[in-house]
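The values are calculated or read from the model by the stated rules, or taken from the named source; none is laboratory data. Since the model is a prediction, treat every value here as computed from it, not as a measurement. Counting neighbours? That spans all protein chains shown, and the Cβs are built from the backbone with ideal geometry, glycine included. These accessible areas exclude ligands, DNA and RNA; they are computed on the full protein's heavy atoms, side chains included. Shrake-Rupley method; radii C 1.70, N 1.55, O 1.52, S 1.80 Å.
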Amino acid sequence: MKIYRAENYEDMSRKAASIISAQVILKPDCVLGLATGSTPVGAYQQLAAWCREGDLDFSQVKTVNLDEYKGLSPENPQSYRFFMNQNLFSHINISMENTHVPDGLEADSQKACQAYNEIISSMGAIDLQLLGIGHDGHIGFNEPGPAFEQETHCVTLTPLTIEANKRFFEKAGDVPRQAYTMGIKTIMHARKILLVVSGQDKAEILKKAIQGPITPEVPASILQLHQDMTLVADEAALSLFTE
Ligand code: GLP
């Protein structure tokens, strides 16, 4: 595992954006696995700036996002499709038909998950999967549990995740209780993984995930087994790390 220590959030974002841009430059028709949450926003802004300046070309890039709330439409400002359009896709020269997010409006979970699995396999391997981490160690919406779930599945969000994500909604009661998420096997099949982590509030879970035992109770701990895994984290997030 490569670990890049960033001074702060801005530095982490620039370093992460550099790694993603290197991927796009080396393979202009690459498949990027993308993530939502506050952590990648700075990296997305940097990528958009480089694209605006003509230094980065997304015209052949395909993307597949990790997850989506079940029940939210793409027009709902809290949906992850809306988030991606707002924070990245509308600022870069990507073809919208090359961008993929699970269909939150498909009420039949089995249908929604199967359709998303088919989209992912039709793309071949994910070249670079960007990840954030939840306070309970979730990646995508793979919550702690008795086993690592393999492919796209419907999850019931834990109270901790609902609590953490309520900041984007008017009240906790508005946070959807379920979501569709890419599974652990699909994430682990990505050629490269880039985990971005910022802030003191993530220090404890980051230490558990990277330096603790590998267990489905800390879903991100499986990343220790990936062959090409890069962690970019700021000083605060790495503050409990032992070298
Ligand atoms: C959500 C997303 C995750 C993300 C996590 C952390 O639950 N499903 O993909 O990593 O939040 O978000 P943040 O970066 O805002 O802490």
Quiz prompt | Part-to-part distance (alpha-carbon centres) for segment 69-130 and segment 11-34, which is given in Å | solution = 19
Quiz prompt | Carbon and sulfur %, accessible surface of segment 9-219 computed with the full protein complex present, 1.4 Å | solution = 52
Practice problem: For segment 166-175, just list the computed ³J(HN,Hα) in residue order, Karplus coefficients 6.51, -1.76 and 1.60, θ = phi - 60°, integers in Hz, with x standing in for Gly and Pro. | Solution: 5, 4, 8, 10, 5, 8, 4, x, 7, 5
Self-check item: Helix-only [θ]222 nm of the chain, DSSP H runs n ≥ 4, -39500 (n - 2.57) each, per residue, nearest 500
Solution: -9000 deg cm²/dmol
Quiz item: How large is ³J(HN,Hα), in whole Hz, for each residue of segment 124-140 in order, when computed from phi with the Karplus curve 6.51 cos²θ - 1.76 cosθ + 1.60 and θ = phi - 60°, using x for Gly and Pro?
Solution: x, 6, 7, 6, 9, 10, 8, 9, x, 9, x, 5, 9, x, 6, 10, x
Quiz item: What residue among Ser198, Ser73, Ser90 shows peak mean-square fluctuation when the chain is described by a Gaussian network model with Cα springs under 10 Å?
Solution: Ser90
Quiz item: Near the amide H of Thr99, under 5 Å away, which other amide H atoms are found, from residues 5 or more places off or on another chain, if H is placed in the peptide plane?
Solution: Thr63
Self-check item: Using θ = phi - 60° and Karplus 6.51 cos²θ - 1.76 cosθ + 1.60, couplings along segment 10-21 (whole Hz; Gly, Pro as x)
Solution: 4, 5, 4, 5, 5, 5, 5, 4, 5, 5, 5, 5
Quiz item: Farthest toward the dipole's positive end in the chain, which of Ile162, Leu206, Ala17, given Cβ charges of +1 (Lys, Arg) and -1 (Asp, Glu) about the Cα centre?
Solution: Leu206
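Leaving out ligands and nucleic acids, note down the accessible area per residue over the chain with a 1.4 angstrom probe, in whole Å². Provide the component values of the computation, followed by the final result.
Working: 10870 Å² over 243 residues.
On a per-residue basis, 45 Å².
When the Kirkwood radius is taken over all Cα pairs of segment 33-88, what Stokes-Einstein diffusion coefficient follows at 10 °C and 1.306 mPa s, in µm²/s?
Values: Rh = 12.2 Å.
Estimated diffusion coefficient is 130 µm²/s.
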Quiz item: Given H placed 1.01 Å from N in the peptide plane, which residues other than close sequence neighbours of Leu131 have an amide H under 5 Å from its amide H?
Solution: Leu194, Leu195, Val196
Quiz prompt | Mean projected area (nm²) of the alpha-carbon convex hull when the chain is viewed from all directions | solution = 11.9
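What is the Å³ per residue value for the convex hull set by the Cα atoms of segment 59-166? Write out the running numbers ahead of the final one.
On the way: hull volume 12.7 nm³, N = 108.
Convex hull of Cα atoms, per residue: 117 Å³.
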